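Following: one structure in structure tokens, then a few remarks.
The values are calculated or read from the model by the stated rules, or taken from the named source; none is laboratory data. None of the values given here were measured: they were computed from a predicted structure. Virtual Cβ from ideal backbone geometry, glycine too; neighbours counted across all protein chains shown. These accessible areas exclude ligands, DNA and RNA; they are computed on the full protein's heavy atoms, side chains included. Shrake-Rupley method; radii C 1.70, N 1.55, O 1.52, S 1.80 Å.
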Amino acid sequence: MIYKNYPMVSRIVFGRGSFNQLDEILAPKRKGRNAPFIFYVDDVFKGNHWLTSRITLSYKDKIVYVPTKEEPKTSQIDQLVEDIILEYSELPSGIIGIGGGIVMDIAKAVSLMLTNKGQSKDYQGWDLIKNPAVYHVGIPTISGTGAEVSRTTILTGPVRKLGINSDYTPFDQVILDPELTKDVPKNQWFYTGMDCFVHCVESLNGTYLNAFSQSYGEKAYELCQEIFLSDSLSEEESQDKLMMASWHGGMSIAYSQVGVAHAMSYGLGYLLGVKHGIGNCIVFDHLEDYYPEGVAMFKKMKEKHGIELPQGICAGLDDNQFNTMIDVALSLEPLWENAVGKNWKTIITRDVLLKLYKKM
Ligand code: NAD
Ligand code: ZN
């Protein structure tokens, strides 16, 4: 057995208001006047003085507002990298992502592609990246994905939706300031929060489980129960705890894998553009055969918060479209092996997946 030797986020700040320290954290990393800091910021914050006034721009630094209606594409990353190369004479001092999973993944991917030749689609997979990334910083403004702690950046390419998983992907610095999540709309809070809950369920019920993953997974699961089912937390406690649940959920899958919900949700995402959080919820709602306890708890949480999931999103699809989703889902072999074991191919047939997709 060869054990994987994983890198981690090297520095982390936690605390309400810690975002105020952004300038002093970045200052020592500046490489010169011609090496800017590029800030990718979710465009929901455009004109939001409370947040943007705390980003100080010097020399050639720049804020790029990122729309988040759609998840990141490899072509979009290539374009962002080209924009930087054309505009500046030197590599940036740093790339900073301020937003949800989308913006954090964009920051990770751009920082990798600035130092690795060619197109980002060619790096989708495991350990294909050759050179260290430009210094990159993640600042989540919504909690649940674990993108702030993971060693992947999930991109939709011409043939697949798959992460760039590498030792160079994790952030060099993360700032966890739960206050930044205060204006997240309720439904989105639930969908992204459930991404964390599903990470825990898939990790804790997977065949890859070990004590490392379990310790993080159990903690995050417990926090999710408290956040989504108890009435005892203040808003602020709930924000603080969900940020830490996201972190632990992400750590839990670092040394294991996700499972059925993620594999099938990638299919929905690829074909229909259904976003990660809500897609996981739509799929997970139908997975009682695989995760009976987790799904029962999910249904309780959904009810408590009055969340109504879209129904019938696969109703009008033809055979080709179902086949595309099934191909995408089945291509994620490690997820299935984790979920059902080494002989997963005998259990997870195309027909099994077709029946499930037809329920959604
Ligand atoms: P997101 O980035 O799409 O953000 C969801 C919505 O919330 C957006 O409309 C955004 O504008 C809004 N929002 C964010 N912060 C806000 C705030 N403070 N106030 C008001 N609105 C706010 O959603 P997400 O669920 O965080 O991320 C999903 C993405 O993350 C997907 O692209 C998925 O593939 C990726 N992901 C990556 C990893 C990883 O390990 N790299 C893991 C899971 C998911
Ligand atoms: Zn996820």
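Taking square-rooted eigenvalues a ≥ b ≥ c of the alpha carbon gyration tensor, is region 28-135 rounded, prolate or oblate, where a/c under 1.5 means rounded and, failing that, a/b exceeding b/c means prolate?
On the way: a/c = 2.01, a/b = 1.21, b/c = 1.65.
It comes out oblate by the Cα gyration axes.
Please arrange Phe212, Phe37, Phe14 by accessible surface area, largest first, computed with a 1.4 Å probe and ligands excluded. If you can, show how the numbers build up before the last one.
On the way: Phe212 80, Phe37 5, Phe14 100 Å².
Largest to smallest exposure gives the sequence Phe14, Phe212, Phe37.
Can you work out the Karplus-derived ³J(HN,Hα) for every residue in region 188-203? Use 6.51 cos²θ - 1.76 cosθ + 1.60 with θ = phi - 60°, whole Hz, and x for glycine or proline.
Once θ is set to phi - 60°, the couplings for region 188-203 become 5, 4, 5, 4, 6, x, 5, 4, 5, 4, 5, 4, 5, 4, 5, 6 Hz.
Let me know the shape class of region 175-271, please: from the alpha-carbon gyration tensor, a ≥ b ≥ c as square roots of the eigenvalues, rounded when a/c is under 1.5, otherwise prolate if a/b is greater than b/c, or oblate.
On the way: a/c = 2.03, a/b = 1.33, b/c = 1.52.
Because a/c hits 1.5 or more and a/b fails to exceed b/c, region 175-271 counts as oblate.
Looking at the square roots a ≥ b ≥ c of the eigenvalues of the Cα gyration tensor of region 259-305, which shape do they give, rounded for a/c under 1.5, prolate if a/b is larger than b/c, or oblate?
Here region 259-305 falls in the oblate category.
Search the structure for amide H atoms under 5 Å from the amide H of Lys73, placed 1.01 Å from N in the peptide plane, and list their residues when 5 or more places away or on another chain.
Amide H to amide H, under 5 Å and 5 or more residues apart or across chains, Lys73 pairs with Thr156.
How large is ³J(HN,Hα) for each residue in region 271-285, as worked out from phi by the Karplus curve 6.51 cos²θ - 1.76 cosθ + 1.60 (θ = phi - 60°), to whole Hz, x for Gly and Pro?
My calculation for region 271-285 gives 7, 9, x, 5, 6, 3, x, 5, x, 4, 5, 4, 6, 4, 3 Hz in order.
With θ set to phi - 60° and the Karplus curve 6.51 cos²θ - 1.76 cosθ + 1.60, what are the ³J(HN,Hα) couplings of region 99-108 in order, to the nearest whole Hz, using x for Gly and Pro?
Running phi through 6.51 cos²θ - 1.76 cosθ + 1.60 with θ = phi - 60° gives x, x, x, 4, 5, 5, 5, 5, 4, 4 Hz.
Express the relative contact order of region 92-230 as a whole percentage, based on alpha carbon pairs under 8 Å and six or more residues apart in sequence. Present the calculation step by step, with values, prior to reporting the outcome.
Working: 232 pairs, mean separation 30.7, N = 139.
RCO, region 92-230: 22 percent.
Scan around Gly125 for amide H atoms under 5 Å from its own, H built in the peptide plane at 1.01 Å from N, and keep only partners 5 or more places away or cross-chain.
Gly163, Ile164, Asn165
Restricting to Cα pairs below 8 Å that are 6+ residues apart, what does the relative contact order work out to for the chain? Please round to a whole percent. Provide the component values of the computation, followed by the final result.
On the way: 672 pairs, mean separation 54.1, N = 360.
Value for the chain: 15 percent.
Grab the beta carbon distance between Ile85 and Asp318, set R0 = 30 Å, and tell me the FRET efficiency rounded to 0.05.
For Ile85 and Asp318, the calculated efficiency is 0.10.
Report the full-extension gain for the segment Trp50 to Val64: residue separation times 0.36 nm, less the Cα-Cα distance, to one decimal in nm.
3.3 nm
Provide the solvent-accessible area of Thr141, counting protein heavy atoms only and rolling a 1.4 Å probe, rounded to the nearest 10 Å².
The value for Thr141 is about 10 Å².
Pairs to check: Lys108/Lys130; Lys46/Lys304; Lys4/Lys219; Lys275/Lys355; Lys299/Lys359; Lys275/Lys300. Give those whose C-alpha atoms are more than 26 Å from each other in this structure.
Lys46/Lys304
Report the local net charge at His276: Lys and Arg +1, Asp and Glu -1, summed over other residues whose C-beta lies under 9 Å from its C-beta.
Details: positive: Lys275; negative: Glu71, Asp195.
Combined, the nearby Lys, Arg, Asp and Glu give -1.
Hey, can you grab everything whose amide H is under 5 Å from the amide H of Tyr65? Only 5+ residues off in sequence or another chain; H modelled, so Pro and N-termini drop out.
So Tyr65 has HN proximity to Val41.
When all protein chains stay in place, what accessible area (Å², nearest 10, 1.4 Å probe) is found for Ser215?
Only protein atoms counted, so the area is about 70 Å².
So what is the calculated 222 nm ellipticity per residue for the chain, using -39500 (n - 2.57) for each DSSP H run with n of 4 or more, over all residues, to the nearest 500 deg cm²/dmol?
-14000 deg cm²/dmol
What is the spin-label model distance, in nm, from Ser215 to Asp351 if the labels are put 7 Å beyond Cα along the C-beta direction?
Calculated label separation equals 4.5 nm.
Would you mind pulling out the separation of the Cα centroids of region 131-175 and region 52-100, in Å?
14
Which residue, Gly250, Ala263, Asn320, has the largest displacement toward the positive end of the dipole of region 245-360 when charges sit on each Cβ (Lys, Arg +1; Asp, Glu -1)?
Value: Gly250.
Set the Förster radius R0 to 30 Å, insert the Cβ-Cβ distance between Lys182 and Lys299 as r into 1/(1 + (r/R0)^6), and round the FRET efficiency to 0.05.
The value I calculate is 0.60.
Percent relative contact order of region 66-113, based on C-alpha pairs within less than 8 angstrom and at least six residues apart?
Values: 30 pairs, mean separation 22.3, N = 48.
Answer for region 66-113 is 46 percent.
What is the extension gain from Gln311 to Trp126, computed as 0.36 nm multiplied by their sequence separation minus the C-alpha to C-alpha distance, in nm to one decimal?
Taking 0.36 nm per residue and subtracting the Cα distance, the gain is 63.2 nm.
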